[in-house]
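Below is one structure, written out as structure tokens, with a few remarks after it.
Every read-out reported here was derived from the displayed coordinates using simple, explicitly stated rules and does not represent laboratory data. Because the structure is a prediction, the values reported are computed rather than measured. Methodologically, a virtual Cβ is constructed for each residue, glycine included, from the backbone with ideal geometry; neighbour enumeration extends over all protein chains shown.
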């Protein structure tokens, strides 16, 4: 159990366009999901905490107007990168909290902005 | 400032040996600590969780220790196999907020 999926697994887009990434908990409900970003050979950096039914909490330095998060149900959170630029190219990973302690991670979404 | 440090250099060991990875932290009082495995281009996979009041946790060939005095956790893989080759991440949780802070990870290479 404890499967988290992400869609798409990879995306290439032109600079200035918006990209939506979905994160789903497939076999459990998650009131809290997290979004991370990982650059090559670096560790995961927390971007924001997504809470079902309320506004996301963003980490310092993360622009909330650029990275829109919606957690509309207990099994789905979405991250939209608005007006993407090449510097937004990265590996985006979500996680969902189960059992109050353990985070289960999605497989990640590779974003390349040209 | 708060820091979580893992050896950034890759750890190369021979198959069958025990791999030991280190996670040190400063200026933290974590409620619990977790270890994850990450393969290239994939999300982290949860391995073990150890709480602040626990000294040791085991799961099959894995063992984790947690020394809150030394502010250190050790992660052991016994009878290592080439399939164990991956990057291993430690992550700390300060309180019930579930927020994880990750170390930089250590890449383990097990040679046949």
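List of remarks:
- Averaged over the residues of A:98-110, the number of partner chain Cβ atoms lying within 10 Å of the residue Cβ comes to 4.
- Per-residue mean of foreign Cβ neighbours for A:20-27 is 0 (Cβ atoms of other chains, 10 Å radius).
- C-alpha center-to-center spacing [segment B:36-112, segment A:84-114] in angstrom: 20 Å
- Rg/Rh for segment B:3-111, where both radii come from Cα atoms and Rh is the Kirkwood radius: 0.95
- Across B:28, B:36, B:88, mean-square fluctuation computed from a Gaussian network of chain B (C-alpha pairs under 10 Å connected) peaks at B:28.
- Fewest neighbouring Cβ atoms within 10 Å first, the residues B:102, A:28, A:39 line up as A:39, A:28, B:102.
- Residues A:43, A:73, A:89 in ascending order of nearby Cβ atoms (within 10 Å, fewest first): A:73, A:89, A:43.
- Rg(Cα)/(2.2 N^0.38 Å) for chain A, N = residue count: 0.99
- Using only Cα coordinates, the Kirkwood hydrodynamic radius of the protein assembly as shown works out to 18.1 Å.
- Take the Cα radius of gyration of segment A:1-54 and divide it by 2.2 N^0.38 Å, N being the number of residues; the result is 1.32.
- Across peptide A:31-42, the mean count of Cβ atoms from other chains lying within 10 Å of each residue's own Cβ comes to 2.
- Choice from A:53, A:16, A:61 showing the highest fluctuation, given a GNM over chain A with Cα pairs closer than 10 Å: A:61
- Sequence of B:9, B:52 once ranked by neighbouring C-beta atoms within 10 Å, starting from the fewest: B:9, B:52
- Relative contact order for segment B:3-111, counting Cα pairs under 8 Å that sit 6 or more residues apart, in percent: 38 percent
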